[in-house]
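Heads up: the structure comes next, in structure tokens.
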Amino acid sequence: MRDVLLEIVIDPLYWADAPEIRIEFNRVVLFSGALSQIKKFEWQLPANDNNRFSVFFLNKKDSDTVENLDKAVIVKQLAIEGFKYNSFLHATRYQPIYSEGYYQYANKQGITVEPIIHSNYLGFNGEWYLEFTWPVFTWIYELETNGQGWIYEKNI
């Protein structure tokens, strides 16, 4: 069987209207809607040789950030096949869609704006994602051993 068990815990941060998100696996929408409280999602999904698990933050405006208040989506936990390794979160990427206001601020402050970063705090609209291969246990092993361990060749 080529299924993979995925679990994610997402925490919204907001002071006015709740964050709107969309969760996808290999371009198939699994959830779309407002996130008003911390929520755990869990799915058993058919895997491909190469997979992409994504969370899109959709409704952030510049006016959602004032003084000490913000609107964001925080990925708290990610589990694959029941394993909850921190390395999974470290392997993720975030492609924010920076607002024009932020570009101006960054330019004035001399901040380099990177197109893809590592962050589990989604403070801008954009896509947070994890890419992994099948078989997933081989991918987990290689991630956890940093390519330094021995493993049999896959014969599937």
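Listed by first and then second residue, the pairs with beta-carbon distance under 6 Å, at least 6 apart or on different chains, first residue in region 96-111 and without any contact (Cβ under 8 Å) to a residue 40 or more places away in the chain, second of a type in the set (S, T, N, Q) and surrounded by 12 or more Cβ atoms within 10 Å (Cβ to Cβ), are Ile97/Asn125. For region 25-42, the set of residues classified as polar (S, T, N, Q) and assigned to a loop (DSSP other than H, G, I, E, B) consists of Asn26, Ser36, Gln37, listed by residue number.
When region 9-24 is filtered for residues that are in contact with a Leu (Cβ under 6 Å, 6 or more places away or on another chain), in a strand (DSSP E or B) and surrounded by fewer than 19 Cβ atoms within 10 Å (Cβ to Cβ), only Glu20 remains.
Return yes when Ile97 is out of contact with any Gly (no Cβ under 7 Å at 6 or more places or on another chain) and β-branched (Val, Ile, Thr) and no when it is not.
Judged against the criteria, Ile97 is not a match.
In region 74-92 there is no residue matching the filter, namely being in contact with a Ser or Thr (Cβ under 7 Å, 6 or more places away or on another chain), surrounded by 16 or more Cβ atoms within 10 Å (Cβ to Cβ) and at pLDDT 95 or above. Condition test on Leu130, is it surrounded by 14 or more Cβ atoms within 10 Å (Cβ to Cβ), of a type in the set (A, V, I, L, M, F, W, C) and at pLDDT 95 or above? For Leu130, the condition - surrounded by 14 or more Cβ atoms within 10 Å (Cβ to Cβ), of a type in the set (A, V, I, L, M, F, W, C) and at pLDDT 95 or above - is met. Residues of region 25-58 that are surrounded by 12 or more Cβ atoms within 10 Å (Cβ to Cβ) and touching a residue at least 60 places away in the same chain (Cβ under 8 Å): Ala47, Asn48, Asn51, Arg52, Phe53, Ser54, Val55, Phe56, Phe57, Leu58.
The values are calculated or read from the model by the stated rules, or taken from the named source; none is laboratory data. Predicted model, so just to flag it, every value in this text is computed and none were measured. Glycine gets a Cβ as well: all are built from the backbone with ideal geometry, and neighbour counts include every protein chain shown.
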